[in-house]
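Computed from the coordinates by the stated procedures, all read-outs in this text should not be read as laboratory data. A quick note: this is a predicted structure, and the numbers were derived from the prediction, not measured. Reconstructed Cβ throughout: ideal geometry from the backbone, glycine too, with neighbour counts over all protein chains shown.
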């Protein structure tokens, strides 16, 4: 049974957690509109069960596009996130919505 969902906004810690399950990748990074799609900055860490995770500071209110970048060669949308939009290159970007704390 899955014990994570991606992305997860942790309002208490003021962070956003991203997860991806992949047993075969050697490296996975998070890239998106919030970091100018930099492929080598937000490197994820793998646990013993093949779940990769990264936690970033809570972003300002808005809508952001992102993907995972695997082994310096393959882009992948966040399959745990149902919100996505065409990326203009025959694929999809995952969409993250950050709402102001009410």
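For region 37-76, the equivalent ellipsoid derived from the Cα gyration tensor has semi-axes of 20, 15, 9 Å, listed largest first. For a paramagnetic label modelled on residue 27 (point 7 Å from Cα along Cα→Cβ), amide N atoms under 13 Å away belong, within region 61-86, to 69-74.
Peptides 26-36, 84-94 ranked from most to least packed by the mean count of surrounding Cβ atoms within 10 Å: 26-36, 84-94. Kirkwood radius and radius of gyration were both taken over the C-alpha atoms of region 8-98, and their ratio Rg/Rh is 0.94.
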